[in-house]
Amino acid sequence: MIKDIISFNDFQKVDIRIGTIIEVKDFEKAKIPAYQLRIDFGALGIKGSSAQITSLYSKMQLINKQVIAIINFKPKQIANFMSECLILGIQNEKDVVLLYTQKNANNGTKVS
């Protein structure tokens with residue numbers, strides 16, 4: 001089902017950037033198994049994100065992986081953790097498959 005049609009101007013409001021995961025911790029207080037991630041967005045800084053991706057990705061697989069994330073959502077408190085960005089992925093059954101770059105790019109590079 002297609003959602004509401006938006007304009008190109010609406011799309012331009014979404015700030016989608018490339019970042020590198022630099023830290024992964026188990027999110028013990030999460031209701032659904034998740035990781036707490038720290039992601040380096042270059043000059044835009046390091047941001048935290050909670051991600052329910054434990055079924056497909058180990059902590060070791062995630063370190064230094066470049067991901068695609070929305071960085072201009074309002075921060076969201078999840079248990080004792082502040083999620084500052086949303087990593088993009090594809091819902092595949094119960095699992096989330098991350099979207100990531102095919103080749104390395106500079107952290108903070110804007111997706112267009």
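The values are calculated or read from the model by the stated rules, or taken from the named source; none is laboratory data. Fair warning: this is a prediction, and the values are worked out from it, not measured in the lab. Cβ: placed from backbone, ideal geometry, glycine included. Neighbour counts: every protein chain shown.
Below are the figures for this structure:
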quantity	calculated
Residue check for A69: over 14 Å from the mean Cα position of the chain (by Cα) and among the small types (G, A, S)	no
Strands (runs of 3 or more DSSP E) wholly inside segment 1-84 containing at least 2 residues that are at positive phi, in contact with a helix residue (DSSP H, G or I) (Cβ under 9 Å, 6 or more places away or on another chain) and loosely packed, with under 11 Cβ neighbours inside 10 Å	none
Some residue of segment 32-43 being polar (S, T, N, Q) and over 12 Å from the mean Cα position of the chain (by Cα)	no
Matching residues in segment 54-66 - criterion: being more than 15 Å from N104 (Cβ to Cβ) and either over 13 Å from the mean Cα position of the chain (by Cα) or at pLDDT below 95 (or both)	T54, S55, L56, Y57, S58, K59, M60, Q61
